[in-house]
Amino acid sequence: MTTPDYAKLVAGHRAYFLSGATRPAAWRVAQLNAVKAMINENRDALFDALWQDLRRNRFDADLMDVEFNVKEADHALSHLHRWMKPERVHTPLVLEPGHVRIRRDPLGVTLIIGAWNEPFMLTLGPLIPAIAGGNTAVIKPSELSVASSAVLAQLVPRYLDTDAFAVAEGAVPETTALLEQKWDLIFFTGSPQVGKIVHQAAAKHLTPAVLELGGKNPTIVHSSANIRSAARRITFSRYINSGHICTAPDHVLVWPEVKDEFVHEMGEAIREFYGDDPKQSPDYGRVINDRNFERLAGFLGSGTIAFGGQTDPAERYIAPTVLTDVSVDSPIMQDEVFGPVLPVLEIDSVAKVIDWVNSHPRPLGLYIFAEDDEVAEQILDATESGDACVNDCSIQPLIPELPFGGVGNSGMGKYHGRFGFEAFTNARGVLYHGAKLDPAVKYPPYSEHERMHGIIGKLMP
């Protein structure tokens, strides 16, 4: 199959951007409303695609992929005019009469590369701030979420400005060809391994990149924690969407004196949420493809199965599983799990927790369950992560007022809400200097005193 002419596509987007068509607030508002209409008028198609790709139930689909994007668009619409308004800042005395402003100007022609696990959140989610920022965008959905990719390819040109937005379907060859083009911003969601490839491609053109990557999110259960609440919240966050969530708890570090109670409560929560046979639950999903099924099934031998462990290759089903007696050298502890298997390890001091977190690549999320506030703050003060939760996990991306994104190995750049608008715009400082007054003091020739002591610096703040 012939690779599409992406150079022509990008050239068309660039010409449209340079025409100024995407800059007015009215255009941005119209396109944000078009995104909302696209979602609201096609909910069944979006739900069906998520069921086909991931066996995602409608409640979870709304939470993460459908209604989530409507709320993101609503948030942008509510704040857009304030975000677009130039920011006033102090004007130094030597530059009076005048004033200084910070504009948020569009970056231009952008590329959004989504992921398969949340195929609408991770494509339309970045598209919303791209629109709010006044940019064009080419959306590249993951080829693994086949049905969701097809729906996006059908709907986007029906609802959005086709001179500014396009969907490019395909696999590695198409993504490679897209990365060869010159963009003004690349927004990528995926693994650290692929993120490095994307960053290298961006560097060839000195293109800025936002990289939303994954990682092994440590989840600490302190002896002071409300164990039942911790177990229920961790269970929900680990097994929703079959564990295919970048913010999900990757492994639990639990104090020995509460470990047995915690594992027991995990089992009780799994039964309550998904029944005695989760395979029959309409609320429990499936693994995306055979390759990931085999990878995850291989993790089951990394410890003692305390709960779950059942598999069905024909359905790509892996039961919600809890592992104990897990060695730090076992396969499951080497890579991000990204599936419905949760290793539980013992740890017995805050100092050891801090050493653990700091001796591993910086995670996307860090989760601390403790009723002792000093414990939580001690861990937060001594570690780094993209985001964090105390007494909860995974749900921080649902808060538009919070920046979302990684640090180090888990990514670079933040988005959601105003942080997304800032990611897709250039903070452009502008001095408006009045021309009527032009004091000679700043021009040569300088007096001996001025040469020795200076004067401009004294007039500046």
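The values are calculated or read from the model by the stated rules, or taken from the named source; none is laboratory data. Just so you know, these numbers come straight off a predicted model, no measurement behind them. No Cβ is skipped: glycine too gets one built from the backbone with ideal geometry, and neighbour counts run over all protein chains shown. For accessibility, only protein heavy atoms count, side chains too; no ligands or nucleic acids. Shrake-Rupley method; radii C 1.70, N 1.55, O 1.52, S 1.80 Å.
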Worksheet entry | Which of THR247, LEU185, ALA203, positive extreme of dipole for segment 183-248 (C-beta unit charges) | THR247
Response to the item:
Once the dipole of segment 1-157 is set up from charges on Cβ (+1 Lys and Arg, -1 Asp and Glu), the residue from the list ALA49, SER145, TRP83 lying farthest towards its positive end is TRP83
Discussion item. Explain nothing, just the number: dipole magnitude of segment 126-232 about its Cα centre with +1 on each Lys and Arg Cβ and -1 on each Asp and Glu Cβ, in debye rounded to the nearest 20.
Written reply: 560 debye
Worksheet item: Arranged from highest to lowest average of other beta-carbon atoms within 10 Å per residue, in what order do the peptides 196-209, 143-156 appear?
Response: 143-156, 196-209
Worksheet entry | Solvent accessible area, Å² - HIS453, 1.4 Å probe, full protein context | 110 Å²
Worksheet item: About the Cα centre of the chain, what is the dipole size in debye to 20, counting +1 per Lys and Arg Cβ and -1 per Asp and Glu Cβ, all else neutral?
Response: 2340 debye
Worksheet item: Short version: ³J(HN,Hα) in whole Hz for each residue of segment 362-375, in order, from phi by Karplus 6.51 cos²θ - 1.76 cosθ + 1.60 (θ = phi - 60°), x for Gly and Pro, what are they?
Response: 4, x, 5, x, 10, 10, 10, 10, 7, 7, 7, 4, 5, 4
Discussion item. Given a Förster distance of 51 Å, report the FRET efficiency between GLU371 and VAL29 from their Cβ-Cβ distance, rounded to the nearest 0.05.
Written reply: 0.65
Discussion item. Below 21 Å, Cα to Cα, which lysines can LYS204 reach? Residues fewer than 8 away in the same chain don't count.
Written reply: LYS8, LYS140, LYS182, LYS196
Worksheet item: From the phi of every residue in segment 229-239, what ³J(HN,Hα) in whole Hz does the Karplus formula 6.51 cos²θ - 1.76 cosθ + 1.60 yield, where θ is phi - 60° and glycine or proline is x?
Response: 4, 4, 4, 5, 5, 5, 4, 4, 6, 6, 9
Practice prompt. Please report the relative contact order for the chain, taking Cα pairs under 8 Å with a sequence separation of at least 6, and give it as a percent rounded to a whole number.
Written response: 19 percent
Worksheet item: To the nearest 20 debye, what charge dipole does segment 372-461 have about its Cα centre, counting +1 at the Cβ of each Lys and Arg and -1 at the Cβ of each Asp and Glu?
Response: 1040 debye
Item to complete: For the chain, build the charge dipole from Cβ charges (+1 Lys, Arg; -1 Asp, Glu) around the Cα centre, then report which of PRO320, LEU18, HIS360 sits farthest towards its positive end.
Response: LEU18
Practice prompt. Would you mind pulling out the separation of the Cα centroids of segment 329-403 and segment 142-179, in Å?
Written response: 34 Å
Fill in: Karplus 3J(HN,Hα) series, Hz, for segment 180-193 with 6.51 cos²θ - 1.76 cosθ + 1.60 (x for Gly, Pro)
6, 7, 8, 10, 9, 6, 10, 10, 10, 10, x, 7, x, 4
Worksheet item: For the chain, what is Rg from Cα atoms divided by 2.2 N^0.38 Å, rounded to two decimals?
Response: 1.12
Response to the item:
Taking only protein heavy atoms and a 1.4 Å probe, the highest-to-lowest accessible-area order of ARG286, ARG14, ARG228 is ARG228, ARG14, ARG286
